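Everything below concerns the one structure shown next.
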Amino acid sequence: MTIWCPDLDHKTGPKYLLIAEAIGQSIADGSLKERDRLPVQRDLAYRLGLSLNTVSRAYAEAIKRGFLHGEVGRGTYVRGAGPMPLRDAPSGMVRPTSGPIDFTLNLPAPGEGAAELAATLADLQGSDKLAAHLDYQTDGGAPRHAEAAAAWLRPLGLDAHADEVILANGAQHGLLVSLLAMARPGDVLLTEAMTYAPIKALARHLDLKLMPVAMDDGGLSPAALDDACRNSAAKVLYCMPTLHTPTAITMTEVRRREIAAVAKRHDLLIIEDDVFGFLPPERPRPLACHAPEQTVFLTSVSKCLAPGLRVGFLHAPDRLRRALHAAVNLSCWMPPSLMAEIASTWIMDGTAQRLNQFQRSEARARQQLARRILSGHDVRADPHGLHLWLVLPKHWWADAFRAAAERQGVKVLTGETFVITQADAPNAVRICLSHEPVRDRVIQGLEIIAGLLDETGHPGDLVV
Ligand SMILES: Cc1ncc(COP(=O)(O)O)c(C=O)c1O
């Protein structure tokens with residue numbers, strides 16, 4: 001039997017965290033299985049050339065994250081998918097840990113990154129380049145930030161170069177910037193039939209006509225997109241090929257090629273929102289790889305690292321970059337360089353990859369909880385997504401369900417929030433699992449949802 005031993009070569013950061021993350025990764029890829037026994041701490045310390053104390057801390061961290069269970073002296077084992085140990089509320093939290101359980105906000109799990117932020121700020125304090133962050137930046141900001149951004153995007157399959165990347169204040173700002181650059185008042189903007197809700201307000205303010213395009217189980221329908229292009233003068237499509245909100249669908253590579261082919265045929269520009277794209281350890285290459293001349297690829301650090309950094313990245317073809325730069329200048333002049341500096345440092349020194357790994361592991365653990373608690377119900381989800389889409393049984397109308405859940409202290413959003421045309425609203429609710437700071441509230445909230453689903457006697461025709 002081979003003894004589990006992580007490969008820490010070329011990895012930077014505190015060793016105990018690297019080991020804890022490697023445990024999570026090995027569970028995710030199946031090389032560690034439920035009830036597998038971890039090596040004795042002293043042996044692992046010897047193999048890795050580390051102190052016993054470091055390995056003890058690593059195991060303690062892995063236990064805290066719900067990967068392992070064990071007691072000192074009696075061995076440490078991989079946990080099953082059963083109930084997870086409760087994480088304590090991270091200190092300094094601003095998200096409430098009392099009051100209604102909020103499943104409406106699609107934010108990453110809190111609790112990691114504060115120590116890294118303190119260390120990065122301390123390094124910056126001693127840097128002779130600090131004052132540079134007090135100045136306006138010209139031509140799209142510091143080259144080092146664009147280099148870091150391109151390096152961050154490349155593992156997704158994008159052949160990104162620094163001069164093709166534009167920084168924004170998060171993906172929401174990137175979306176505004178893209179629409180300012182690519183559409184004119186009165187233009188038709190195509191979206192998936194269910195879409196990111198703020199696009200509706202953006203379109204209203206920019207005087208764009210929204211036109212929903214049908215989806216199927218694989219996501220946006222190429223045939224429906226083709227029809228929409230033929231029957232309208234649409235120039236731009238906004239879509240979410242990876243971990244679509246609210247349905248959690250990720251388009252396959254084949255589907256992406258089909259969508260790209262339609263876009264090329266009609267010279268349709270695409271805004272590809274990939275804000276969740278760093279969560280799945282493996283995912284198909286971006287749509288931008290299949291239609292590079294048509295696509296503005298848009299992402300941010302909000303879901304994979306921390307939303308408060310407000311750092312977003314746009315990757316665009318040459319023909320659109322001037323207009324995108326101009327839209328950034330118009331809307332905010334430039335994203336604050338201090339925030340870009342923090343994100344860039346994290347990308348270049350490996351901190352970003354570790355924090356992203358934490359989000360993956362936490363998302364996975366919470367999705368497992370949801371799968372167990374909501375088993376037997378029509379749940380659409382991705383094992384690494386932050387949200388799930390719950391199609392309601394016939395005896396519940398979505399709005400009545402939302403209200404009943406709220407009466408029991410659980411907040412969810414109904415299908416209506418995400419549709420352009422109200423009549424298209426599916427009888428379903430979106431449940432965001434990662435905003436709540438502690439897992440026991442997630443469990444509690446899901447159990448309330450499961451209890452409601454099992455209730456009968458809520459025929460739709462009684463609902464007003
Ligand atoms: C699909 C989607 N796109 C964009 C955004 C905005 O992200 P950011 O926080 O980077 O502005 C969000 C945030 O919830 C989102 O869910």
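If I ask for residues that are basic (Lys, Arg) and either closer than 19 Å to Ala365 by Cα or in contact with a Ser or Thr (Cβ under 7 Å, 6 or more places away or on another chain) (or both), which ones from region 1-36 would you list?
Lys15, Lys33, Arg35
Residues are listed down the side, and each one gets a yes or a no for (1) within 27 Å of Phe67 (Cβ to Cβ); (2) in a helix (DSSP H, G or I):
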{"residue": "Ala365", "(1), (2)": "yes, yes"}
{"residue": "Pro383", "(1), (2)": "yes, no"}
{"residue": "Leu388", "(1), (2)": "yes, no"}
{"residue": "Ala405", "(1), (2)": "no, yes"}
{"residue": "Ile449", "(1), (2)": "yes, yes"}
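Being of a type outside the set (S, T, N, Q) and over 20 Å from Cys239 (Cβ atoms) narrows it down to one residue among Ala381, Ala428, Ala423; which is it?
Answer to the check: Ala423.
Suppose we filter Glu362, Glu341 for residues that are among the acidic types (Asp, Glu), under 17 Å from the mean Cα position of the chain (by Cα) and buried (at least 18 other Cβ atoms within 10 Å of the Cβ); which single one remains?
Result of the check over Glu362, Glu341: Glu362.
What about Asp382, is it at pLDDT 95 or above and either closer than 11 Å to Leu167 by Cα or assigned by TED's automatic domain parsing to the domain that holds Leu180 (or both)?
For Asp382, the condition - at pLDDT 95 or above and either closer than 11 Å to Leu167 by Cα or assigned by TED's automatic domain parsing to the domain that holds Leu180 (or both) - is not met.
Please determine, by comparing only the residues of region 307-323 that are closer than 17 Å to Ala150 by Cβ and either surrounded by fewer than 23 Cβ atoms within 10 Å (Cβ to Cβ) or among the small types (Gly, Ala, Ser) (or both), which one is nearest to the ligand (Cβ to nearest atom).
Per the criteria, the residue is Gly312.
Going through region 147-165 one residue at a time, which ones are more than 14 Å from the ligand (Cβ to nearest atom), within 19 Å of Gly277 (Cα to Cα) and among the hydrophobic types (A, V, I, L, M, F, W, C)?
The answer is Ala148, Ala150, Ala151, Leu153, Leu156, Leu158, Ala160, Val165.
Just to check your reading of the model, which residue among Ala340, Ala327 is under 19 Å from Leu130 (Cα atoms) and either in a helix (DSSP H, G or I) or within 16 Å of the ligand (Cβ to nearest atom) (or both)?
When all the criteria are applied, what remains is Ala340.
Which of the strands (runs of 3 or more DSSP E) found entirely inside region 156-275 contain at least 1 residues meeting this: within 30 Å of Val379 (Cβ to Cβ)?
Passing ranges, in order: 188-192, 209-213, 236-239, 269-273.
Residues checked against (1) away from the ligand (no atom under 14 Å from the Cβ); (2) buried (at least 22 other Cβ atoms within 10 Å of the Cβ); (3) among the β-branched types (Val, Ile, Thr):
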{"position": "Ala168", "(1), (2), (3)": "no, yes, no"}
{"position": "Gln172", "(1), (2), (3)": "no, no, no"}
{"position": "Arg184", "(1), (2), (3)": "yes, no, no"}
{"position": "Lys200", "(1), (2), (3)": "no, no, no"}
{"position": "Pro212", "(1), (2), (3)": "yes, no, no"}
{"position": "Asp217", "(1), (2), (3)": "yes, no, no"}
{"position": "Arg230", "(1), (2), (3)": "yes, no, no"}
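Would you check if Ser232 is closer than 18 Å to Leu269 by Cα and in contact (Cβ under 8 Å) with a residue 40 or more places away in the chain?
Considered against the rule, which asks whether it is closer than 18 Å to Leu269 by Cα and in contact (Cβ under 8 Å) with a residue 40 or more places away in the chain, Ser232 comes out as yes.
The values are calculated or read from the model by the stated rules, or taken from the named source; none is laboratory data. Predicted model only: the values in this text are computed from it and were never measured. Ideal geometry is used to build each Cβ from the backbone, glycine not excepted, and the neighbour counts take in all protein chains shown.
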